[in-house]
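The values are calculated or read from the model by the stated rules, or taken from the named source; none is laboratory data. In this text the structure is predicted, and so the values were computed from the model without any measurement. Glycine gets a Cβ as well: all are built from the backbone with ideal geometry, and neighbour counts include every protein chain shown. For accessibility, only protein heavy atoms count, side chains too; no ligands or nucleic acids. Shrake-Rupley method; radii C 1.70, N 1.55, O 1.52, S 1.80 Å.
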Amino acid sequence: LVKFSHTIFAMPFALIGFFLASKSEINWNILVFVFLCMIFARSAAMAFNRYIDRDIDTANPRTSEIREIPNGSIKANSALIFVIISSLLFIGTTYFINDICFYLSPIALLVVLGYSYTKRFTSLCHLVLGLGLSLSPIGAYLAVTGKFDDIIPVLFSLVVLFWVSGFDIIYSLQDEEFDKEQKLHSIPVLLGKKNALNLSKVLHFLTFSALSIAGSLGNFGLYYWIGFLIFSALLIYQHT
């Protein structure tokens, strides 16, 4: 029901926000709390998506056998209970970080859980998914500092927003015909396959741009730019 690998691929950007804020001194307690927040928030989001989409997943030949609620391996009510517990643990963890993280935690949950509804009414659902994951660098930065005083975490949040939105458009191509039949919204349904792929390329070009600006403003060293080149090469390969 919850793919831990999906939490892992979002974790580096939370850690970027954490280390940007930490500079030379690392608060290990806060680092643990950041890990826990990522795990609880992503677990709640993924389980809620499966719960809300259970009827859609049952009707979709691609997902009816492999997803746990449609195939009967997990009960819908059990998934909902898991969502509630994960959400409470997320909010509870932010309480031990600082006031601003605690006060903003319901808003963060609203975004990451609300994504699951968006394909029912807007083709911008991919951007909402990207927005949910893009909260991680800023959230981790706020966990350390308790205040917002740097543009660089915002740039990394934009990186995540554009990156995730771009590849979610590609992912949604699998269900283009099914979404049309079910009157669900997506960029491929709105624009067609070719234009959707072109938009994904534009979003990933914006990803490169935000990474470049962040690297320049942050005066990051050689290892950053090596990572940038590897990251960029993988995205270009994806589009080929």
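Observations, loosely collected:
- Filtering region 94-123 to residues that are open to solvent by 30 Å² or more (accessible area, probe 1.4 Å) and without any contact (Cβ under 8 Å) to a residue 24 or more places away in the chain leaves TYR95, PHE102, TYR103, PRO106, ILE107, LEU110.
- Odd one out for LEU211 among (1) within 19 Å of the chain's Cα centre (by Cα); (2) closer than 13 Å to HIS126 by Cβ; (3) not charged (D, E, K, R): (2)
- From ILE74, ILE84, ILE100, ILE56, residue being closer than 30 Å to SER22 by Cβ and in contact with a helix residue (DSSP H, G or I) (Cβ under 9 Å, 6 or more places away or on another chain): ILE100
- Evaluation of VAL34 against (1) in a helix (DSSP H, G or I); (2) in contact with a Pro (Cβ under 7 Å, 6 or more places away or on another chain) (one fails), failing number: (2)
Each row is one residue, and each column tells you yes or no for (1) closer than 17 Å to PHE13 by Cα; (2) open to solvent by 50 Å² or more (accessible area, probe 1.4 Å); (3) outside any helix (DSSP H, G or I).
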site: ASP168; (1), (2), (3): no, no, no
site: SER172; (1), (2), (3): no, no, no
site: ASN198; (1), (2), (3): no, yes, no
site: LEU203; (1), (2), (3): no, no, no
site: SER209; (1), (2), (3): yes, no, no
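- Selection of region 23-50 for residues being surrounded by fewer than 20 Cβ atoms within 10 Å (Cβ to Cβ) and farther than 30 Å from ASN219 by Cβ yields LEU36, ILE39.
- Residue under evaluation HIS185, criteria (1) over 23 Å from the mean Cα position of the chain (by Cα); (2) open to solvent by 60 Å² or more (accessible area, probe 1.4 Å), criterion not met: (1)
- Boolean, ILE16 is open to solvent by 20 Å² or more (accessible area, probe 1.4 Å) and not in a helix (DSSP H, G or I): no
- Scoring ILE91 on the criteria (1) in a helix (DSSP H, G or I); (2) touching a residue at least 40 places away in the same chain (Cβ under 8 Å); (3) surrounded by 16 or more Cβ atoms within 10 Å (Cβ to Cβ) leaves a single failure, condition (2).
- Scoring GLY227 on the criteria (1) without any contact (Cβ under 8 Å) to a residue 12 or more places away in the chain; (2) surrounded by 16 or more Cβ atoms within 10 Å (Cβ to Cβ) leaves a single failure, condition (2).
- Any hit, region 141-148, residues being open to solvent by less than 30 Å² (accessible area, probe 1.4 Å), farther than 20 Å from ILE30 by Cβ, in contact with a helix residue (DSSP H, G or I) (Cβ under 8 Å, 6 or more places away or on another chain) and assigned to a helix (DSSP H, G or I): no
- Residue match in region 66-77 (condition: assigned to a helix (DSSP H, G or I) and in contact (Cβ under 8 Å) with a residue 40 or more places away in the chain): no
- From the list VAL128, VAL164, VAL160, the one residue that fits, being under 17 Å from the mean Cα position of the chain (by Cα), farther than 19 Å from SER216 by Cα and buried (at least 23 other Cβ atoms within 10 Å of the Cβ), is VAL164.
- Any chance PHE156 is under 30 Å from TYR95 (Cα atoms) and either acidic (Asp, Glu) or not in a helix (DSSP H, G or I) (or both): no
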